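Participant: Take a look at this one; I'll ask things after.
The values are calculated or read from the model by the stated rules, or taken from the named source; none is laboratory data. Everything numeric in this text was worked out from a predicted model, so none of it was measured. We place every Cβ from the backbone using ideal geometry, glycine too, and count neighbours over all the protein chains shown. Remember, those area values only see protein heavy atoms, side chains included, never the ligands or the DNA or RNA. Shrake-Rupley method; radii C 1.70, N 1.55, O 1.52, S 1.80 Å.
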Amino acid sequence: MSIPASALITRPEELASLAHVDPEILAKIHAVYPLRVSRYFLELALQHGAPLLRQVVPDLLELADTATPADPLNEENLSPLPCLIHRYPDRVVLLVSRDCPTFCRFCTRKRKIGTAGMQLTQEMFKAALEYIRKRPAIVDVLISGGDPLMLADEALEQILAQVRAIPGVRFIRIGSRMPCMMPQRITEKLVAMLKRFHPLYMNLHFNHPDELSPEATAACERLANAGIPLGSQTVLLRGVNDSAAILQELFYRLLAARVKPYYLFQIDQVRGTSHFRTTIQSGQAIMRRLIGHVSGMAQPHYALDTPGGGGKIPLCPGYLDSLHEHCTFTTYAGKTGSYPNTLWPKSR
Ligand SMILES: *Cc1c(COP(=O)(O)O)cnc(C)c1O
Ligand code: SF4
């Protein structure tokens, strides 16, 4: 692991005393779900309040939520190998770490993160590389986890080198919440290593404007300065960021830090996370207040990763009223209009 243990809060008693919550409640939850918060993020959350704290401090509602499936995306069955998810024709997710700097309470892989059984062994990794090498249709490898930046630089470098050496792989992505949870991990040494593997993209994860502290912003800038195009995914979370004003500010701050908002996810249906769920109607209402009103650069795709492992579907609200010979629409500002939806001339 690349991170000193002292940077992480893992004992329920310590979190209870720092965050002023009942230690018995935390101990109860800890018996079912792992607990970890980076010291950096907890300090930031204590300065800023509920929207950040709710993401990382366990809530008794986690235990009350028992009817929800643990693996609704069917990732276990879509995994041809323990560390590979192959759901779409041209891309795979390579899970290289089961660890994160913080265990987000709403995590889709709550069943796995921080538990045994997701550690990548050399044999598993070799088999995954072989799987990708044999399938030239796979052009995009998304290195994820857990958080890949939990690995030491040298271990991550080896993985990147071997993925990069597969001829069919056109570009690589790394998914990481490290710039948000532990910006100090984005060292000049790490960045100098990463930039040797271009074209390399990074998908970060930010949920609230207060997460873009000066340190987090500087970490994004170090990555951007290495020529790594940065995107961010955000999970729409009840009581955290389910408002157009909060998301607008988040997306502006991300763009100012040179990070393009990429996805706004409807939360997955995962056991222990239902108290964070919003309705799709409220998500679409938020998107309607962003589309047209704010810079197109500040608009992510609003999407749902469908239960059962069907893949992501767009949840963007519609603007077309009819789609016949004349297509009619209503604009973001409420004006109606039409567009000739025919070929002219009929043949060429
Ligand atoms: C989200 C996801 C991807 C990447 O999807 P994009 O829409 O290309 O960002 C790939 N594989 C799996 C299994 C995923 O869940
Ligand atoms: S950083 Fe991502 S993978 Fe890790 S706990 Fe948070 S949401 Fe889950």
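Participant: Counting DSSP beta bridges in the chain, what percent are antiparallel, to the nearest 5?
Facilitator: Of all bridge pairs located within the chain, approximately 40 percent are antiparallel.
Participant: Go ahead and set up a Gaussian network model of the chain, Cα springs under 10 Å, then flag whichever of 290, 149, 254 fluctuates most.
Facilitator: 290
Participant: Explain nothing, just the number: relative contact order of the stretch 69-314, from Cα pairs under 8 Å at least 6 residues apart, as a whole percent.
Facilitator: 19
Participant: What is the stretch 1-124 by shape, rounded, prolate or oblate, if you read a ≥ b ≥ c off the alpha carbon gyration tensor as root eigenvalues and call it rounded for a/c under 1.5, prolate for a/b larger than b/c, and oblate otherwise?
Facilitator: It is prolate, given that a/c is not under 1.5 and a/b is the larger ratio.
Participant: Below 21 Å, Cα to Cα, which lysines can residue 134 reach? Residues fewer than 8 away in the same chain don't count.
Facilitator: 126
Participant: Same structure, new question: Once amide H atoms are built 1.01 Å from N in the peptide plane, which residues 5 or more positions from residue 278, or in another chain, come under 5 Å H to H?
Facilitator: 238, 267
Participant: Of all trypsin sites (Lys or Arg not before Pro) in the stretch 2-42, which ones are in loop regions per DSSP and have a Cβ with at most 12 other Cβ atoms within 10 Å?
Facilitator: In loop regions of the stretch 2-42 (DSSP not H, G, I, E or B), there are no sparsely surrounded trypsin sites (Lys or Arg not before Pro).
Participant: Rounded if a/c is under 1.5, else prolate if a/b is larger than b/c, else oblate: which is the stretch 293-345, with a ≥ b ≥ c the root eigenvalues of its Cα gyration tensor?
Facilitator: oblate
Participant: Once R0 is set to 41 Å, what does the formula 1/(1 + (r/R0)^6) return for the Cβ-Cβ distance between residue 295 and residue 343, expressed as a FRET efficiency to the nearest 0.05?
Facilitator: 0.75
Participant: Hey, another quick one. Output ³J(HN,Hα) for the stretch 58-74: one whole-Hz value per residue in order, computed from phi by the Karplus curve 6.51 cos²θ - 1.76 cosθ + 1.60 with θ = phi - 60°, and x for Gly and Pro.
Facilitator: x, 10, 4, 4, 4, 7, 6, 8, 10, 7, 6, x, 7, 10, x, 7, 6
Participant: Rounded to a whole number of µm²/s, how large is the Stokes-Einstein D of the chain at 4 °C and 1.567 mPa s, given Rh as the Kirkwood radius over C-alpha pairs?
Facilitator: Result for D is 60 µm²/s.
Participant: So how much slack lies between residue 188 and residue 313, counting 0.36 nm per residue of separation and subtracting their Cα-Cα distance, in nm?
Facilitator: Answer, rounded to one decimal: 41.3 nm.
Participant: At 7 Å along Cα-to-Cβ for each site, give me the label-to-label distance between residue 330 and residue 130 in nm.
Facilitator: Result for the modelled spin labels: 5.8 nm.
Participant: What does the charge count near residue 91 come to, summing +1 for each Lys or Arg and -1 for each Asp or Glu among other residues with Cβ under 12 Å from its Cβ?
Facilitator: Net charge in that neighbourhood comes out at +3.
Participant: Something else now. Name the long-range amide H neighbours of residue 312: under 5 Å, sequence gap of 5 or more, or other chain; modelled H, no Pro or chain starts.
Facilitator: 306
Participant: Next up: What residues qualify as long-range amide H neighbours of residue 95, i.e. H under 5 Å apart, gap of 5 or more or another chain, H built at 1.01 Å from N?
Facilitator: 84, 85, 144
Participant: Let me ask something additional. Can you give the extra length, in nm with one decimal, that the chain gains between residue 6 and residue 90 once fully stretched, where that is 0.36 nm per residue apart less the Cα-Cα distance?
Facilitator: Full extension from residue 6 to residue 90 adds 26.2 nm.
Participant: Could you please report the charge total around residue 207, scoring K, R as +1 and D, E as -1 over all other residues with beta-carbon less than 11 angstrom from its beta-carbon?
Facilitator: Taking every Cβ under 11 Å from that of residue 207, the sum is -1.
Participant: Might you tell me the accessible area per residue for the chain, computed with a 1.4 Å probe and given in Å²?
Facilitator: 46
Participant: Hey, another quick one. Excluding residue 71 itself, what net charge comes from residues whose Cβ is under 14 Å from its Cβ, given Lys and Arg +1 and Asp and Glu -1?
Facilitator: +2
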